[in-house]
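Below is one structure, written out as C-alpha cells, with a few remarks after it.
Please treat every number below as a calculation from the coordinates, not as lab data. What you are looking at is a predicted structure, and each value in this text was computed from that prediction instead of being measured. Positions of Cβ are backbone-derived with ideal geometry, glycine not excepted, and every protein chain shown enters the neighbour counts.
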Amino acid sequence: MEKNFKTTRIKDGQNKPTRYFSKRQESKVAKELDGQRQLNSGATPFQKGDVLTENFLIECKTKTTPCKSISIQKEWLDKLNQESLIAGKKYVALAFDFGDGDLHYIIDKYLFEDLCDYLGGHNENNC
C-alpha cells in the first residue's frame, strides 16, 4: 500500500490539497493590496513571506474549513519580523481568515501607533 504524504482536506465535497486553500488566500491578499504572491514561499532561503507589496511583507494563514477560532503563534510573528529585514520591507502583517475567506490582519504596535497618528491628526488622544 502506497502512502500519500500530500495533506488534503475535503471542502465543498471535493478533496483538495491544503496548498490549494493557501494559494487561494495568498492570491486574494495580493490582489486586494496590489501586491505580488511569492512563488514557493517558505521553500527557498531567499523568498520570504507569502505576499509582497511596496512596503509590506505579509504572511498568510488560513483554515481549510470554517471555524470560530484560530491560534496565532508568536513564532510566526517573530519569523515574519526577521524575514522583513531580509526582504527590505518596513512593515509586516499577518493575514488570516477563519476558513470563510473574510480576511483579518495583525500588525505590530508601532504600525498601529502610526495608524492612530494618521487617523487622529497627530493629536494627544490619537485613537
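The order of TYR118, TYR20, going from fewest to most other C-beta atoms within 10 Å of their C-beta, is TYR118, TYR20. Amide H contacts under 5 Å for LEU57: TYR91, VAL92, ALA93, restricted to partners 5 or more places along the chain or on a different chain, H placed in the peptide plane at 1.01 Å from N. Roughly what % of Cα-Cα distances in the range 8-120 sit above 17 Å, to the whole percent? Considering the range 8-120, 57 percent of its Cα-Cα pairs are separated by more than 17 Å.
Here the Karplus curve 6.51 cos²θ - 1.76 cosθ + 1.60, taken at θ = phi - 60°, turns the phi angles of the range 102-118 into couplings of 7, 7, 9, 10, 10, 10, 7, 5, 5, 5, 5, 5, 4, 5, 4, 4, 4 Hz, with x standing for Gly and Pro. Loop-resident GluC sites (Glu not before Pro) (DSSP state other than H, G, I, E or B) in the range 52-99 with no more than 14 further Cβ atoms inside 10 Å of their Cβ: GLU54.
3J(HN,Hα) couplings calculated from phi for the range 61-72 with the Karplus curve 6.51 cos²θ - 1.76 cosθ + 1.60 (θ = phi - 60°) are, in sequence order, 9, 9, 9, 8, 9, x, 8, 9, 8, 9, 8, 9 Hz; Gly and Pro show x. Close amide H pairs (under 5 Å, H built 1.01 Å from N) link GLN38 with VAL51, LEU52, residues at least 5 positions away or on another chain.
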